[in-house]
Amino acid sequence: MKIEDLTWKELEEQIKNNPIFILPIGSIEQHGSHSTLGTDYVIPKYLCEQIENIENVISLPAIPYGVCPYHKGFPGSFDIGYNTLFNIIYKIIETIKNDGAKKLIIINGHGGNTAAIEDAGTILSENMNIIVVDWWNLAGNLNPIYKGGHGDKQETSAVMAIKESSVKLNLLKKQEMKHISENIKFSDSINANFQNGSIKILKNVKEIVEDGWVGNLDPSESNAEFGKQMLNDVINYLINFIEEFKKAN
Ligand SMILES: [Zn+2]
């Protein structure tokens with residue numbers, strides 16, 4: 001059920017059954033010329049909508065904005081910053097915790113949000129089980145063929161599975177990555193390889209790729225079928241997880 005459809009009295013009653021709260025968190029930011037600004041927001045929101053009608057599950061409205069300082073300069077990339085996101089998440093968890101919630105699953109759609117989510121959640125974790133699902137990592141664990149990056153086949157296919165008409169594959173741009181040197185090469189927008197080790201390089205995405213997407217899967221191969229199969233695998237995992245999580249206190 002959605003919390004927005006309940007009265008405070010109904011919520012008070014529901015909380016006596018030790019429900020599982022679910023909270024989607026996204027980001028509105030560039031995903032290349034072909035995929036949407038809402039990519040990181042629509043995917044976790046969709047995943048939550050597929051599991052919110054399970055008995056004793058209560059979904060909270062999605063947080064659309066996130067932390068993305070490295071997309072500065074691309075129109076439509078809203079970086080609300082670590083402190084703002086930390087405070088929003090902290091206050092949401094604090095509120096449901098004071099109301100008696102003991103279980104929360106956060107479904108995250110964007111890597112830049114991870115630090116704020118984990119810090120706020122850990123501080124409030126006493127007497128509460130707070131689960132974080134980075135959906136794209138989970139998909140990659142479930143099946144390595146899904147393992148992708150920012151705006152590549154993984155995310156673009158997921159958006160196509162949800163709202164195919166919003167993706168414009170005909171506008172996709174081929175691009176060359178600007179590496180640091182011949183032997184220090186980016187593997188994504190932050191990690192780079194040198195010899196047999198990996199290091200991080202802090203840069204605005206604009207300095208690495210002109211079009212903004214970064215990933216190992218070719219976005220021109222994106223399709224709704226692949227996206228549907230991937231999202232269904234994630235949804236089935238979450239359904240099984242929730243059944244097991246219900247057994248926890
Ligand atoms: Zn994304």
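The values are calculated or read from the model by the stated rules, or taken from the named source; none is laboratory data. Here the structure is a predicted model, which means the values were calculated and not measured. Virtual Cβ from ideal backbone geometry, glycine too; neighbours counted across all protein chains shown. The area values use the complete protein model at the heavy-atom level, side chains included, leaving out ligands, DNA and RNA. Shrake-Rupley method; radii C 1.70, N 1.55, O 1.52, S 1.80 Å.
Restricting to DSSP H runs of at least four residues, report the calculated mean residue ellipticity at 222 nm for the chain, -39500 (n - 2.57) per run over all residues, nearest 500 deg cm²/dmol.
Result for the chain: -11500 deg cm²/dmol, rounded to the nearest 500.
Can you send over the carbon and sulfur percentage of the accessible area for segment 8-148, probe radius 1.4 Å, protein chains only?
For segment 8-148, the apolar C and S fraction of the accessible surface comes to 52 percent.
Please work out whether segment 158-249 counts as rounded, prolate or oblate from its C-alpha gyration tensor, where a ≥ b ≥ c are the square roots of the eigenvalues and a/c under 1.5 means rounded, while otherwise a/b larger than b/c means prolate and anything else oblate?
Oblate, since a/c reaches 1.5 and b/c is not below a/b.
Rounded to the nearest 5, what % of DSSP beta bridges with both residues in the chain are antiparallel?
30
Roughly how compact is the chain, stated as its Cα Rg over 2.2 N^0.38 Å to two decimals?
After normalising by residue count via 2.2 N^0.38 Å, the value is 1.05.
If you count only protein heavy atoms with a 1.4 Å probe, what accessible area per residue comes out for the chain, rounded to a whole Å²?
With the other protein chains kept in place, the chain gives 50 Å² per residue.
For the charge dipole of the chain, defined by +1 on Lys and Arg C-beta atoms and -1 on Asp and Glu C-beta atoms about the Cα centroid, which residue among Asn53, Ile239, Gly73 has the Cα displaced farthest towards the positive pole?
Toward the positive end, the furthest listed residue is Gly73.
Once Rh for segment 114-175 is found with the Kirkwood sum over Cα pairs, what is the Stokes-Einstein diffusion coefficient at 10 °C and 1.306 mPa s, in µm²/s?
My calculation gives 112 µm²/s for D.
What distance in nm lies between label points placed 7 Å from Cα along the C-beta direction at Glu126 and Glu94?
Between Glu126 and Glu94, the simple spin-label model gives 1.4 nm.
So which aspartates and glutamates can Lys173 reach, going by Cα to Cα under 15 Å and dropping same-chain residues fewer than 8 places off?
Result set, ordered by chain and number: Asp152, Glu210, Asp211, Asp218, Glu221.
What value in Å³ per residue do you get for the convex hull of the alpha-carbon atoms in segment 30-162?
Considering the Cα atoms of segment 30-162, their hull volume per residue is 112 Å³.
May I ask you to derive the relative contact order of the chain, considering only C-alpha pairs under 8 Å and at least 6 residues apart, and to give it as an integer percent?
Relative contact order for the chain comes out at 22 percent.
Calculate, in whole percent, how much of the Cα-Cα pair population of segment 175-223 lies beyond 18 Å.
29
For a quick check of your reading of the filter: which GluC sites (Glu not before Pro) in segment 161-206 sit in a DSSP loop and have no more than 10 other Cβ atoms within 10 Å?
Qualifying residues, ordered by number: Glu176, Glu182.
So what's the gap between the Cα centers of segment 69-138 and segment 1-36, to the nearest angstrom?
Segment 69-138 and segment 1-36 have Cα centres spaced 12 Å from each other.
Excluding Gly151 itself, what net charge comes from residues whose Cβ is under 15 Å from its Cβ, given Lys and Arg +1 and Asp and Glu -1?
Charge balance in the 15 Å sphere: -3.
Taking the Cα centre of the chain as the origin, how large is its charge dipole in debye, to the nearest 20, when only Lys and Arg (+1) and Asp and Glu (-1) carry charge on their Cβ atoms?
The calculation lands at about 300 debye.
Sorted by mean Cβ packing within 10 Å, highest first, what order do the peptides 230-241, 119-130 take?
Output ranking for 230-241, 119-130: 230-241, 119-130.
Under 21 Å Cα-Cα from Lys200, which lysines qualify once same-chain neighbours fewer than 8 residues away are excluded?
Lys72, Lys147, Lys178, Lys185
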